[in-house]
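In what follows, a structure is listed as structure tokens, so that the remarks can point back to it.
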Amino acid sequence: MKLGLAIDLDTCVGCHACATACKQWNTSGTIGPLTDTNPYGKDPNGAWLNRIRTFEVDESPLSKTVNMPLSCMHCEDAACVTVCPTGASYKRDEDGIVLIDQDRCMGCNLCAWACPYGARELDPGSGTMKKCTLCVDRIYDEQLPEAERQPACVITCPTNSRVFGDFDDPESEVSKLQKQREGKPLMPELGYNPVNTYLPPREPIERPQGGKVLGKVKQIVNRIIHR
Amino acid sequence: MTKASALPQFEDHQNQTHKYTTCYMCACRCGIKVTLEDEKIRFIQGNPNHPVNKGVLCAKGNAGIMKQLSPAKLNKPLLRKPDSERGAAEFEEISWDRALDILTERLANIRATDPRRLAYFTGRDQMQALTGLWASQFGTYNWAAHGGFCSVNMAAAGLYTMGHAFWEFGDPDWDQTKYFMLWGVAEDHASNPIKIGLKKLKERGAKFVAVNPVRTGYQSIADEWLALKPGTDGLLALAMIHVLLRDGQIDDEFLIRYTNAPQLVVNTPGQVGDGLLWRDGDDATQVYDQLTESFAPAMSADIAPALMGEFETPDGVPVRTVFSILLDKYMDPQYSPAAVAKECGIDAATIERIALEMAHVAFQESITLGIEWTDWAGRKQTQFIGRPVSMHAMRGVSAHSNGFQTCRAIHLLQILLGTIDCPGGHLAKPPFPKHIVPPIKPAKVNAPNTPLESAPLGFPTCPEDLLIDEQGQPQRIDKAYSWDAPIAAHGLMHMVISNAVAGDPYPIDTLMLFMANMAWNSSMNTSETMDMLRAKDADGNYKIPFIVTCDAFNSETVAFSDLVLPDTTYLERYDTISMLDRPISEPDAACDAVRIPVVDANRDVLSWQEVMVEVAGRLKLPAFTNAQGQPKYENYKDFIINFERAPGIGFLAGWRGENGDQSLLGAPNPKQWEAYEENECFFKYELAPNQRYMRHANLDYLTLAKEAAWVGSTEQIVIELYSETLQKFRLAGQGLYDGPQPTEENQKQRLVRYFDPLPSYYSPLEQQSVSSEEYPFYAITQRPMFMYHSWDSQNAWLRQIMSQNYLYMHRQTALDMGINDFDWAWVESRSGKIRVQVKHMEGVNPNTVWTWNAIAKQGGAWGLSDDTNEAKQGFLMNHLISELLPSDKGGSRMTNSDPITGQAAWYDLQVKITPATAGEEGSWPQFAPLKSPPGYTPAPTKQGYASHTNVNLNRPWSDIFGRRSS
Ligand code: SF4
Ligand code: SF4
Ligand code: SF4
Ligand code: SF4
């Protein structure tokens, strides 16, 4: 299995629901707690596993605003894993999820430097590295209702712009979306082979104009229309 | 997923329980499922069965744990220390008994003397049916919620035009629409429902056009973005109307059958009665029937009314159809795309193209649903025809002083295309549509110890309905329903403090506020409002003698209160989301919902609805008192079960009747709360397929609606392109009305100019009175999605997303002025000055600047430290907005509001911008940090919440060795 996310940039409105759902689930999840410093003070900051970046492309008046959710891509060639000196960072054989064993991590930050996607954050409380677990503590949990065995960010996304599944299975929704919508990995040139895919914005379609022919207004006559 | 390998048990499910309730962080009111363990919240998720959110949640709903843990929660009733000053936040904690005694004594005295000396205003609340009932039983008409600065333009324009409206009273048909226009909606109003809807239409390849000076949020995924100049939406809509009329791209069948387009209007300029609908002896409006070639009552069936034409009545009165007037008006070259392009900032070809693209969808891509239904006249119809163009509009339209007419113009555009309550169009949500206009008149008489004869707020249809005295002076403290704001259907909350302090029209005794942050971001002119709350008369007494605030959190307004009543959080309360109130219905289902406590309040707090019911009993308000003169209801739950507005009609429509087996109406059910709890806290009554469309003229629907008391009759609801109500006010301004007329010149002019019976455009009032050369920028604010409606700066997670707002400027414009990214700058309006930090962006109209509102906070408020970014770098645009317009020649100053509805015009603002000099940094003005309330526990500097000890997933040894060796 090659588990990951397909993220739809055509419909993501940048609402941060997935980011807070992720924070909420995972602070009590396997990788939690996710610590915050100065939660009610100056420059509040904490560990998040998923953040939304909003940026603009092109110049006014043709500029576009793009909302880009960023979490771990569960790369196939993950340098974050190979650089880890303690063996805490690893990629699971069975499903490709990249995880950090919190008991082994010593917070050296090497993996965060190795990750070009900014997906790893050092927890100011535990001093260990945190990142997206692909909600490994939800997706296999048979005591959750079946429909809920999905990442927290996926079930909450109001625009359904996050789809979870197995990219090895050509029949999975993520594989189909990747194909139909020509999903792209982020910065493939770096050679990390990210599993997550981003579905690009759809091209606008030209629309036909006009339809009804009552005639130009000067020629409109009273039609017999029964009330 | 199947289990791929042995995993530890991460969650102790045996130790977890699930409870359903309703989110409160905004007016969407999504259904939530809360997982609890050891009395802690494990997870808050959307309820997949809930009609509003269908399982999803926004960022606020997902951060509910932090809302619950907010250090800003109030713990106990507070009384201002007698020797302290307002605003100093010097309080003593008192018991609820004492708090309620103080309140009851004060209110009893007011009620026995002059009940209107109680002004009761509520903010972002969701229980206006209860607070309105309470106020009317108390006997004060000085009550309203915050609609006067939020959405009254939208609600009133919709209700006076088509009997429903945007947002809470109607929705685009997300499932079938093929072309969608979004007008002036930042990232809010609504939240999840719009996001769910946008996804659906993008998946279907429907076109999404966004009209907004700023490209963020929803606009970011629009297929086409129109960066129009703020306040000109109405002109843009009228130009599209011009194109449709010019090319005959209109649904004449819809107009003839369902609107007043063919009705005859008296055409006698300069005479009493000009512009009113012509009626026969039986008071029936008339059309010209082409079958009989004679006049006929407009409501008759089986006639063929002429859409156009000028006629003469048997008495020799010249009349013409509404449509003829409309055609005359909008075919004028002033409405051509070329003529409006400059003013709107949108090029003519684009306006033309979009109008014609919509026409194509409406007329060439229509939908036919083969469903049998019965029309208003009892005739069987075999299908519903859909014109799948839909629209939604909110803040950017409503918060301008021309918002009412602009919203009417947008509705007219929809109506000409025939897209009202049809498949793919703009659908009403039960209990809407209502007859036009809803037959509730604002109460006029206040008398000691006497309830009002009707609700405090209603819908005037003529000058006789105004609340003015013989001299024409306003009677309400906010001057709603006066010549200044005749159709102020939601009141003018933004004027209450200013008027009360000025004693204009009279002084009050007590100002009671619920969830309204009037000392901060909910007031225009914040610094002066603070001064007003502190203002004293010559004897050293406060001009507003007593201020009562109810809130769950330590807002800036708490500091200015004499008595503070701590509310519960949303997870600790019983509550109803009632159809008598702001409904959560869907187009195809009537819905309501409840909240039940999912966690215990571990503080000495009471929910405001509990306080309302208790105080009503103590004051012996008739509806809350039994025949023995004792309180009728034990508590809020008991009130909700047993109160009936009319026999069988109560706050909750589900599980009524003694056995709980009746829907919509039925006797009180003692087990109603339990029934809601068992059913995930919401009730959904699905309409049959034949009741889902054309409900203004659908007998199958109207019969049900009458039974459920949603409407008073099954008569057809005729859509009013032409508003005779507005014309009556205009006649009063012209001195041609047979009834009350204003005496002051500026009042007359406002009626003549703005009360056009057909949708019209005028520049926003502030823009008419300040110089665009001196103040060249339009300044607006938006709400970020993760804070919308919630002031969640006390939320530890949400404020990490944003704790400082910037002034966003068009990059090139800013650079031309020498303002670089992150520079500080001064922003000045006709009434104030602030210092802000600038950020550049591309996606903004070049003459518009904007910021995120309600991010800035006073240090110390909301559980925040004194040096937070919200206080030191964040800023409120409110300081620049005056609640009054510049004085006219006579020196009198009118409210800075829509002249029709009194909606606060906080989007009309114009400013000038100058770079700050080196060293000028930080936002200005600054306010001294607030003292913490007694019993406040300082917030931790580091926190990591978890509801249980986390179960780590260890890397298997086999994996370590396996990998390393390979
Ligand atoms: S929840 Fe969905 S729409 Fe919102 S930011 Fe995340 S991916 Fe985008
Ligand atoms: S995104 Fe970063 S953390 Fe995740 S697998 Fe790739 S390199 Fe590692
Ligand atoms: S999959 Fe889970 S851990 Fe990863 S971003 Fe989504 S919610 Fe966060
Ligand atoms: S804040 Fe509003 S949109 Fe968000 S979950 Fe709550 S009710 Fe729904």
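To the nearest 0.05, how large is the calculated FRET efficiency for residue B:816 and residue B:353 if R₀ is 51 Å and r is the Cβ-Cβ distance?
Once rounded, the FRET efficiency stands at 0.95.
Suppose a student asked you for the relative contact order of chain B, using Cα pairs under 8 Å spaced at least 6 residues apart; what percent would you report?
Relative CO of chain B lands at 18 percent.
Looking at the range B:450-524, which GluC sites (Glu not before Pro) are DSSP coil and have at most 15 other C-beta atoms within 10 Å of their C-beta?
Details: sites: B:453, B:464, B:470; in loops: B:453, B:470.
Answer by residue number: B:453, B:470.
Apply the Karplus parameterisation 6.51 cos²θ - 1.76 cosθ + 1.60, with θ equal to phi minus 60°, to every residue of the range B:354-360 and state each ³J(HN,Hα) to the nearest whole Hz, in sequence, with x for glycine and proline.
Residue by residue, the range B:354-360 yields 5, 4, 7, 5, 5, 4, 4 Hz.
By DSSP, what percent of the beta bridges with both residues in the protein assembly as shown are antiparallel, rounded to the nearest 5? Walk me through the numbers before you get to the answer.
On the way: 94 of 137 bridges.
Bridges in the protein assembly as shown that DSSP calls antiparallel: roughly 70 percent.
Using Cα springs under 10 Å in a Gaussian network model of chain A, which residue among A:180, A:102, A:24 shows the largest mean-square fluctuation?
A:180
How high is the FRET efficiency between residue B:449 and residue B:339 when r is their beta carbon distance and R₀ equals 51 Å, given to the nearest 0.05?
Efficiency, from the Cβ-Cβ distance: 0.30.
Given the convex hull over the Cα atoms of the range B:177-217, what projected area results after averaging over all orientations, in nm²?
Values: hull surface 10.9 nm².
The number I arrive at for the range B:177-217 is 2.7 nm².
Taking R0 as 22 Å, what's the FRET efficiency between residue B:109 and residue B:79 from their Cβ-Cβ distance, rounded to 0.05?
0.80
Among B:204, B:215, A:149, what is the fewest-to-most ranking by other Cβ atoms within 10 Å?
Ordered by Cβ neighbours within 10 Å, fewest first: B:204, A:149, B:215.
Residues of the range B:925-966 with the amide nitrogen closer than 17 Å to a label point 7 Å from the Cα of residue A:94, along Cα-to-Cβ, please.
Correct set: B:952-963.
Can you give the relative contact order of the range B:692-850 as a percent, counting alpha carbon pairs under 8 Å and 6+ residues apart?
Rounded, it is 16 percent for the range B:692-850.
Summing Lys, Arg as +1 and Asp, Glu as -1, what charge do residues with Cβ under 12 Å from the Cβ of residue B:74 carry, residue B:74 excluded?
In short, -1.
Under 17 Å from a point 7 Å along the Cα-to-Cβ line of residue B:92: which residues of the range B:914-945 have their amide N that close?
The answer is B:933-935, whose backbone nitrogens lie closer than 17 Å to the label point.
What list of whole percents do you get for P(r) of the protein assembly as shown, with Cα-Cα distances grouped in 20 Å bins up to the one holding the largest distance?
11, 41, 37, 10, 1, 0
In sequence order, what are the phi-derived ³J(HN,Hα) couplings for the range B:833-847 according to the Karplus relation 6.51 cos²θ - 1.76 cosθ + 1.60 with θ = phi - 60°, rounded to whole Hz, with x for glycine and proline?
Along the range B:833-847, the couplings run 8, 9, 10, 9, 9, 9, 10, 8, 8, 8, x, 8, 3, x, 9 Hz.
Amide H to amide H under 5 Å from residue A:89: which residues, 5+ apart in sequence or cross-chain, H placed 1.01 Å off N in plane?
A:101
Could you tell me whether chain B comes out rounded, prolate or oblate from its Cα gyration tensor? Rule is a ≥ b ≥ c as square roots of the eigenvalues, rounded for a/c under 1.5, then prolate if a/b exceeds b/c, otherwise oblate.
Judged from the Cα gyration tensor, chain B comes out rounded (a/c under 1.5).
Collect residues whose amide H, placed 1.01 Å from N in the peptide plane, falls under 5 Å from the amide H of residue B:807; neighbours closer than 5 in sequence don't count.
Close amide H contacts, sequence-distant or interchain: B:837, B:838, B:839.
Residue by residue through B:48-59, how many Cβ atoms from other chains fall within 10 Å of the Cβ on average?
Across the residues of B:48-59, the mean count of other-chain Cβ atoms within 10 Å is 4.
Per residue of B:363-374, how many C-beta atoms from partner chains lie within 10 Å of its own C-beta, taken as a mean?
Per residue, the number of nearby Cβ atoms from other chains is 1 on average.
Write down the percent of antiparallel bridges among all DSSP beta bridges whose residues are both part of the range A:3-226, to the nearest 5.
In the range A:3-226, approximately 90 percent of DSSP beta bridges are antiparallel ones.
Dividing the convex hull volume of the alpha carbon atoms of the range B:771-915 by its residue count, what do you get in Å³ per residue? Write down the numbers at each step before the final one.
Details: hull volume 19.1 nm³, N = 145.
With only Cα atoms used, the range B:771-915 gives 132 Å³ per residue.
Multiply the residue gap between residue B:464 and residue B:941 by 0.36 nm, knock off their C-alpha separation, and tell me the result in nm, one decimal place.
165.7 nm
Do any trypsin sites (Lys or Arg not before Pro) in the range B:346-446 lie in a loop, going by DSSP, with at most 13 other beta-carbon atoms within 10 Å of their beta carbon, and if so which?
Those satisfying the criteria are B:379.
Quickly work out the residue B:283-to-residue B:328 label distance, labels modelled 7 Å from Cα along the C-beta direction, and quote it in nm with one decimal.
Label at residue B:328, label at residue B:283, 2.8 nm between them.
Per-residue mean of other chain beta-carbon atoms within 10 angstrom of the beta-carbon, peptide A:90-96? Write down the numbers at each step before the final one.
Values: counts 5, 2, 6, 7, 4, 3, 0.
Mean shielding by partner chains, rounded to a whole number: 4.
Rg to Rh ratio, the range A:4-119, alpha-carbon atoms and Kirkwood radius?
In the range A:4-119, Rg relative to Rh is 1.01.
Pairs to check: B:81/B:931; A:176/B:195; A:23/B:942; A:23/A:184; B:60/B:839. Give those whose C-alpha atoms are more than 19 Å from each other in this structure.
Beyond 19 Å: A:176/B:195; A:23/A:184; B:60/B:839.
Give the Rg (one decimal place) followed by the Dmax (whole number) of the range A:3-226, computed from C-alpha coordinates and expressed in Å.
22.6, 85
Taking the Cα atoms of the range B:838-883, what is the range of coordinates along each of the three principal axes, in descending order and whole Å?
37, 28, 12
What is the order of A:212, A:64, fewest Cβ neighbours within 10 Å to most?
Ascending number of Cβ neighbours within 10 Å: A:64, A:212.
Would you please give the residues with an amide H less than 5 Å from that of residue B:389, counting only those at least 5 places away or on a separate chain, with H modeled from the backbone geometry?
Excluding prolines and chain starts, which carry no amide H, the hits are B:178.
For the range B:528-612, taking Cα atoms only, what is the radius of gyration to one decimal and the Dmax to the nearest whole Å?
Just the Cα atoms of the range B:528-612 yield Rg and Dmax of 18.0, 60 Å.
Measuring from label point to label point, each 7 Å out along Cα→Cβ, what is the residue A:206 to residue B:531 span in nm?
Distance between the two pseudo-spin positions: 6.1 nm.
With an 8 Å Cα cut-off and a minimum separation of 6 or more residues, compute the relative contact order for the range B:527-643 in percent.
16
Among A:147, A:21, A:79, which one moves the most in a GNM of chain A with springs linking Cα atoms closer than 10 Å?
A:147
³J(HN,Hα) across the range B:820-827 via Karplus (A = 6.51, B = -1.76, C = 1.60, θ = phi - 60°), whole Hz, x for Gly/Pro?
8, 3, 6, 5, 8, 8, 9, 10
Every number here is computed from the coordinates shown, using simple stated rules; none is lab data. Predicted model, so just to flag it, every value in this text is computed and none were measured. Every residue, glycine among them, receives a Cβ derived from its backbone with ideal geometry; neighbour counts consider all protein chains shown.
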